[in-house]
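Asks: One structure coming up, written as structure tokens, with questions to follow.
The values are calculated or read from the model by the stated rules, or taken from the named source; none is laboratory data. What you are looking at is a predicted structure, and each value in this text was computed from that prediction instead of being measured. Every residue, glycine among them, receives a Cβ derived from its backbone with ideal geometry; neighbour counts consider all protein chains shown.
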Amino acid sequence: MPTLRSDLLIAHRWLWRALKKGEWLWLMLAIIIAASSVTLVKQLSETVQQSMLRQAANALGADLVLRSTRPVENNWRTQAEKLGLQTSQSTTLVTMALTQDAQQEAHFQLVQLKAVENNFPLRGTLQQSDALPFTPFNNAAPLAWIDEKLPALLPLTQHSTLTLGTLNVKIGGSVRLQQGFSPMNGFAPTVLIPAAFLNQTGLLGPGSRVTYELQLAGDAQTIKRFAARLEQQHKPEWQIISATAPNEDLQKTLDTAWLFLDLAALTAVLVAGLSILIASRFYLSRWQSSLALLRALGAGNVQLRRLFALQLGLLAFWSSLLGSLLGLMLFKALSPLLADFFHPLVTVSPWSALLLGIGSGILVLWSFAWQAFQQALHASTTYLLKAPAAMPQGRHWLLSFGLLLLLISLMLGVERVLWIVAGLIVGSTLLYLSAAGLLRIMRLWQGQSRGWLRIGLSSLLKEPGLVKIQVISLGLVLFILMLMTFVRQDLLQTWQATLPQDTPNTFVMNIQPDQKAQVARILADNALTPDLLPMARGRLVAVNGTAFDPDTLDTPRARRLLQREANIAVLDAPPAYNVITARIHRPSQLPEVSVEAGIAELFGIQLGDTLSFNFSGQRWDYQVTSLRTVEWQSFRLNFFFIVEPVADRPLPLSYIGNFHLPESDGRAESLTAKLAQQTPGVLLIDVRRVIGQIQEIMTQATWAVSALYGFTLLASLVVVFTAILASQQGRVQSWLLLRTLGAGNREIIKIGLVEFVLLGGLAGLLAAVLAQIASGLLSQLVLKTDWIWSPGLWLMSLLSGIGLLLVIGLLTQQRYLRQSPQQLKRSLQQI
Amino acid sequence: MHQEITPTKPASSDAIAILKGCSLTVQPHESVAIIGRSGSGKSTLLALMAGLEKPTSGHIRLLGQSLEALSEDERARVRARQVGFIFQNFQLMPSMTALENILMPLELFQMDNAKDRALEALQQVGLAHRAHHLPGELSGGEQQRVAIARAFVTRPKILFADEPTGNLDEETAQQIQQLLFELNRSEQTTLVLVTHDREFARQCSHTLQLLHGQLQPLATTREAGHANLAL
């Protein structure tokens, strides 16, 4: 009696024999492509994400920072430590630092004093600068590490003493601080001291403006859970900064990149699935005859099903394993390249990528080969006597579809499946109908044609089912390639446009009206001529006369924005680089205010509303006459509110400007010193490092997108090959017949050309229809532009379809053109 | 051991009109040939007798078991060790060597000494030297000999052959015919074959003609033997 164990042995043995003879090759290749792309993409995106995260965490000094204007209750630290997280606390305040030069003359400078614990920072290291010798902190004598910018502002040497409040500290070295390390980074140079000495400064007291931070680091999931728990507290004095979202706009850009990567992997899997669908049709008659034979030899239903399923299952497993390992090897080969881009490169455990790859490979085989599997199982013994086999039933299509959905949800997450189901149903119906329609037209044409054209058409239409699959899959592959080319180009262009080379990276602010001319002159001396825009610090206090109560607002961001003073520009018109999305003509005598669209949505502000602002105790009303969108990540001067200047409203004005300084430019230090000396209070904020970081991330994401694009391109070519080889047997049979009837190479080539040109043309046509619909939907729904009929797209699609098929036709047919009928007969047996 | 067929109709509807009512009994170790024109239903009749197909009415007893009452799996079990089948178009697995094709049924039912038995069968059909060749590398006659070796390697009690020489030239056909009758004698196997070659049929102990869906006896060169035919 056959058992599962014995059948497993037989299945293994038969599969191995078949593999040795090159059987199952196309199926195997398709599974390998699917599994390797999923593994590669998963490992690549995990590594890239983790490396970026680590880079962001290093810049932040932690994975998560809870920043508060009041001391953070100790129980949060205890809770975090119970969860296994590392913690560190710091206290930051702005104070005046004093030092004396060699002539005993006193020098003052506004600094950010940051008292840190010994384990600071939790992520990354403090970069020592070479300016001064470095001494580690110890709790015996107070030491200070100073920002490398401070020696330009104060006459400091390694023997200097710095007075902070009532505490005198020795200089322990200078450090380069990254953005995020200090809450007010850039406004004033930072001085780090050990937390144990903070009380001795005497600076903590009622009225002092202090920022408290609880820094956390640890396992990503725990951090995420803890961040969620903190968010739930809705404490207005808290700001929760996560390394996952160092910047909201950047996060959006990166989300697009991740989506592209996921889609690229899904595309590779679907493309591989299509090649399985085609290959399984190619193998179907062979499977049917072998199963019918086994049945004739006396194998029972259960044993047959088991043997066949085991063989397919083993094939899926081994090919997936091979594919996944190949994916990991490809990743390994790419690692040196990655290491150039990411510092540090976080090595992610390969297990989850390996498992996902194997799972996807197995699922992709079963979803796309299920129909052929069922059809083959129903092959009765009379199949051997040439009776037709039963067609698969509707429920098998459902199962196939179900497996496909499982595969997609495994790759993209359950929440996206609904959209994909709808897309798949609409897409496949559309594809099927188009293919069927095109074939009907071909059939009509065949009736009207003569000679070699008629033979060519009839050989194309010999197996309409197969041709439908071929046209659909080739069309889909062409469409996917066109879509990916377009999306990739668009993505890269958008990214490049986001942060051009001359992005402003240095801000000069807090310029009082009487300092404006002086600052402009100092800047002009350094060949810098930025526009200095007038602005005032103010707070939104009421909308249409109704005062805001910050505690009633749902989102912490809205609460924070209301509690803080905002920079409000005082300009006649918004800058040209802002896009006005809605505008009304001045409806009343009130002065105008233009509001950024995001903030308008957050507070429910509409056109025509009256906004009341508090500018240093003075309340003024303005009417909203326009809404604008602003690219915050562009680093240009952008404002939530832009109010109209009014002569009889004396606002507390100051000026702000920005400009680009090359990374290696030394002018920043001399400018800082000059401005500090000649225009006290004016701040120079250098964000070059932040911009550098963002540009680096963009380069990394661009690279990852391009790598995946190339991979999908390769996978797609394999599908096209499979699609052509699926009908090879029928084609060689035709060549044999034509040769026997006396046809020469010329006629055979003409007939072959008809078949390949038509197949490529039909697929190109289908791809063009899909691309036109997709670009139409994109322009209507996303870009809000008009539907554009693009003849270039149709031409490109048709030509690439025909060109591709002609090249593949040449590659796959040329050896048969040189063969005699007898050789062709032998070739037929080997296909 | 005998086989009996009373009015039979195969399950497939297109064959209903072909077999209108035939009765046939085959005794152990006999050789029976069924001849008839193309499309007369010979192959369908053979498939019914071998239990490859299930009749919608009538009775078929194969080796003492009523086939019409058996499920697909039960009929498969009957075929597994006691029935061999040879097809006109050989039906060899193209990706398996000659030896592997013969090994297939032995492995399927985990029979002992599979490889030795398969090699022995190949030897018997004179193809030991072609053991590791793929079907595509063998001539038509060689392929059919491999198919014959596969059919009798399990030592079946009855061997059905559907036009076993239909695709072969005259000389090769004669070699195959000789082989079949030798096996019929040496292995004590009952042989039921379908052919349109009257010369081939004449060498069997019985010859029947399928005409208009009915079986009619033809004169044979041998005595009627154990034939028991009732219409």
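Asks: Can you confirm whether A:Thr39 is closer than 30 Å to A:Asp219 by Cβ and among the β-branched types (Val, Ile, Thr)?
Replies: yes
Asks: So, of the residues in region B:48-65 that are within 14 Å of chain A (Cβ to nearest Cβ) and under 16 Å from B:Gln214 (Cα atoms), which turns out to be surrounded by the fewest Cβ atoms within 10 Å (Cβ to Cβ)?
Replies: The extreme case among them is B:Pro55.
Asks: Restricting to region A:793-831, what's the tally of residues that are away from chain B (no Cβ under 14 Å), outside any helix (DSSP H, G or I) and surrounded by 14 or more Cβ atoms within 10 Å (Cβ to Cβ)?
Replies: 1
Asks: Quick check: anything in region A:283-299 touching a helix residue (DSSP H, G or I) at 6+ places or on another chain (Cβ under 6 Å), in a helix (DSSP H, G or I) and under 30 Å from A:Ser352 (Cβ atoms)?
Replies: no
Asks: Residues that are more than 27 Å from B:His129 (Cα to Cα), more than 13 Å from every other protein chain (Cβ to nearest Cβ) and in contact with a helix residue (DSSP H, G or I) (Cβ under 8 Å, 6 or more places away or on another chain): does region B:36-46 have at least one?
Replies: Checking region B:36-46: at least one residue is more than 27 Å from B:His129 (Cα to Cα), more than 13 Å from every other protein chain (Cβ to nearest Cβ) and in contact with a helix residue (DSSP H, G or I) (Cβ under 8 Å, 6 or more places away or on another chain).
Asks: Would you check which residues across region A:1-55 are within 14 Å of another protein chain (Cβ to nearest Cβ), part of a helix (DSSP H, G or I) and of a type in the set (Val, Ile, Thr) and list them?
Replies: Passing the criteria: only A:Ile10.
Asks: Further question: Does A:Ser208 satisfy the condition of being modelled with pLDDT under 80, in the same structural domain as A:Leu110 (by TED's automatic domain parsing) and surrounded by fewer than 21 Cβ atoms within 10 Å (Cβ to Cβ)?
Replies: So A:Ser208 fits the description; yes.
Asks: Then there is this: Of the residues that sit in region A:202-223 and are under 16 Å from A:Gln89 (Cα atoms) and not aliphatic (A, V, I, L, M), which one is nearest to the chain's Cα centre (by Cα)?
Replies: Of everything passing the filter in region A:202-223, A:Gly218 is nearest to the chain's Cα centre (by Cα).
Asks: Is there any pair linking a residue in region A:307-324 that is on the phi < 0 side of the Ramachandran plot and among the charged types (D, E, K, R) to one that is crowded, with 22+ Cβ neighbours inside 10 Å and not in a helix (DSSP H, G or I), with Cβ under 6 Å and at least six apart or on different chains, and which?
Replies: From residues that are on the phi < 0 side of the Ramachandran plot and among the charged types (D, E, K, R), there are no pairs.
Asks: Let me ask something else. Which of (1) crowded, with 22+ Cβ neighbours inside 10 Å; (2) within 14 Å of chain B (Cβ to nearest Cβ); (3) β-branched (Val, Ile, Thr) does A:Ile358 not meet, given it meets every other one?
Replies: Single failed check for A:Ile358: (2).
Asks: Let me spell it out: the conditions are (1) in contact with a Leu (Cβ under 8 Å, 6 or more places away or on another chain); (2) of a type outside the set (A, V, I, L, M); (3) more than 9 Å from chain A (Cβ to nearest Cβ), and B:Glu68 meets all of them except one. Which number is the exception?
Replies: It is condition (1) that B:Glu68 fails.
Asks: While we're looking at this one, here's another question. Restricting to region B:81-93, count the residues that are without any contact (Cβ under 8 Å) to a residue 60 or more places away in the chain and within 7 Å of chain A (Cβ to nearest Cβ).
Replies: The qualifying residues number 2.
Asks: While we're on this one: Considering only residues that are polar (S, T, N, Q) and either surrounded by 16 or more Cβ atoms within 10 Å (Cβ to Cβ) or touching a Lys or Arg at 6+ places or on another chain (Cβ under 6 Å) (or both), which ones fall in region A:730-780?
Replies: A:Gln733, A:Ser734, A:Gln772, A:Ser775
Asks: Can you tell me which condition B:Arg155 does not meet? The list is (1) touching a residue at least 12 places away in the same chain (Cβ under 8 Å); (2) within 11 Å of chain A (Cβ to nearest Cβ); (3) closer than 21 Å to B:Pro28 by Cβ, and all the others hold.
Replies: All conditions pass for B:Arg155, except number (2).
Asks: Among the candidates B:Leu193, B:Leu168, single out the residue that is under 27 Å from B:Ser40 (Cα atoms), under 12 Å from the mean Cα position of the chain (by Cα), hydrophobic (A, V, I, L, M, F, W, C) and more than 13 Å from chain A (Cβ to nearest Cβ).
Replies: Every option except B:Leu193 fails the conditions.
Asks: Here's another thing I want to ask about it. Cβ contacts < 6 Å: first residue modelled with pLDDT under 85, restricted to region A:632-652; second residue loosely packed, with under 14 Cβ neighbours inside 10 Å, any location; separation 6+ or different chain. Result?
Replies: A:Arg636/A:Tyr577
Asks: Can you name the residue in region A:586-611 that is among the charged types (D, E, K, R) and over 24 Å from A:Glu631 (Cβ atoms) and is also surrounded by the most Cβ atoms within 10 Å (Cβ to Cβ) among such residues?
Replies: Taking the candidates together, the pick is A:Asp609.
Asks: Which is part of a helix (DSSP H, G or I), free of Cβ contacts under 8 Å to residues at least 60 places away in the same chain and over 32 Å from the mean Cα position of the chain (by Cα), of A:Trp452, A:Trp445?
Replies: Every option except A:Trp445 fails the conditions.
Asks: Applying the selection to region B:178-214, what residues are surrounded by 22 or more Cβ atoms within 10 Å (Cβ to Cβ) and in a helix (DSSP H, G or I)?
Replies: Selection gives B:Leu180, B:Phe200, B:Ala201.
Asks: Please go through region B:102-140 and pick out each residue that is away from chain A (no Cβ under 13 Å) and touching an Asp or Glu at 6+ places or on another chain (Cβ under 8 Å).
Replies: B:Leu127, B:Arg130
Asks: Ok, one more. Would you check if A:Ala774 is part of a helix (DSSP H, G or I) and farther than 24 Å from A:Phe282 by Cβ?
Replies: yes
Asks: Within region B:117-139, is there a residue that is at positive phi and under 17 Å from the mean Cα position of the chain (by Cα)?
Replies: Among the residues of region B:117-139, not one is at positive phi and under 17 Å from the mean Cα position of the chain (by Cα), which makes the answer no.
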